[in-house]
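These notes are about the structure you will find just below.
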Amino acid sequence: MSDLLPEVLGHLEKLVSFDTRNPPREIGTGGIFDYLRSQLAGFEVTVTDHGAGAVSMLAVRGAPKRVFNVHLDTVPSSPAWTADPHVLRVTADRAIALGACDIKGAAAGLVAAARATAGDAAFLFTTDEEANDARCIAAFLAGKHGFGEAIVAEPTMGEAVLAHRGISSVLVKFRGHAGHASGQQARDQSALHAAIRWGGRAMDFVQAQDHLRFGGLTGLRFNIGRVEGGIKANMIAPSAELRFGFRPLPSQSPAALHEQLRGFAPAGMLESYEETFSGPSLPSGDVARAEERRLAARDLADELGLPIGNAVDFWTEASLFSQAGLTAFVFGPGDIAQAHTADEWVALDQLATVAAHYQRLLG
């Protein structure tokens, strides 16, 4: 185990004690940011309130060309937790608390590594990742930041992840004609029937994409998350809405997928089709540019002596850095399988390994 582990756990105990659940994202510029500022002596620190609980902190020492990004917000805690989610519990092999895995463990490791070294370093801490509202990163990238590389912390088992899917969330509304359900017209005038027909066509289309490949990823990920509408069984539904999401490969065009999916609505029954959130894939860009950026990220991970892992299906804000032209990859302690769960945990050996890498990179 790394000599830094006791200090990492000390910082993690403090970080998880701050309630940064998102939603409700009731986060200010003090609290967790006051703690981080107090621990990063010698860093020039800028804290920015972007509104609605979205706060970022940029801490810079020296003249680094690379920025480490960690989001400090967590998902809400569920009633299934067996103890206070904001109190760190440490067993023989794991650290348990809300955010320990996703991804305050990385923040604790960076703070410990920074305090053990004197080299150039830059950390960007943010609080808006868990609610699909990346205003912190957008504001950072819109400024004159001067960085050419970004390492984004998410649970990757201590391996550099060079590619992941994009993400899109959509709200579709269907229109129908209210009436008695005893007649033949119910079949073709119900907004709920239109939604169900749309879903069947969409799922057939998604299954037909299973043969596609990019960087170890296969096919198109798709999920219908919610369908609402109608009044009762003997009334034709005059309206319905459906929420779905998809996660394309880096080689797939989100715009083309939206056009295809929109077209599956029965004629005259589509009220609206609204994308409510989107995030690019990692690497971002067209196929040629994406491959070029993937190779650049691989070269950087090799140069830094980090093990390279497989592409992943979950989305991260590393894609936003890639889209802005930075060489970016994902790297952090923990397993995504433990993220967002009751009694969330991160393995101690993962914390130790990643902290040792951070110490080496900042030395």
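The values are calculated or read from the model by the stated rules, or taken from the named source; none is laboratory data. Remember, predicted model here, so these are calculated numbers, not experimental data. Reconstructed Cβ throughout: ideal geometry from the backbone, glycine too, with neighbour counts over all protein chains shown. Just the protein is used for accessible areas: all its heavy atoms, side chains included, with ligands, DNA and RNA removed. Shrake-Rupley method; radii C 1.70, N 1.55, O 1.52, S 1.80 Å.
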### Task
Kindly establish whether A337 is out of contact with any strand residue (DSSP E or B) (no Cβ under 7 Å at 6 or more places or on another chain), open to solvent by 10 Å² or more (accessible area, probe 1.4 Å) and not in a helix (DSSP H, G or I).
no
### Message
Looking only at region 133-166, filter to residues that are among the acidic types (D, E) and in contact with a Gly (Cβ under 6 Å, 6 or more places away or on another chain); which one of those is least open to solvent (accessible area, probe 1.4 Å)?
### Response
E154
### Message
Going residue by residue through region 228-243, is there one that turns out to be among the hydrophobic types (A, V, I, L, M, F, W, C), open to solvent by less than 50 Å² (accessible area, probe 1.4 Å) and within 21 Å of V330 (Cα to Cα)?
### Response
no
### Residues that are under 26 Å from L257 (Cα atoms) and hydroxyl-bearing (S, T, Y), drawn from region 130-174
S168, S169
### Task
Quickly run through region 297-334 and pick out the residues that are part of a strand (DSSP E or B) and among the small types (G, A, S).
A328
### Query
Just wondering, is there one or more residues in region 114-132 that are open to solvent by less than 10 Å² (accessible area, probe 1.4 Å), in contact (Cβ under 8 Å) with a residue 24 or more places away in the chain and either of a type in the set (S, T, N, Q) or at positive phi (or both)?
yes
### Query
Is it fair to say A318 is in contact (Cβ under 8 Å) with a residue 12 or more places away in the chain and open to solvent by less than 10 Å² (accessible area, probe 1.4 Å)?
yes
### Query
If we keep just the residues of region 1-53 that are assigned to a loop (DSSP other than H, G, I, E, B) and of a type in the set (A, V, I, L, M, F, W, C), which is modelled with the lowest pLDDT?
M1
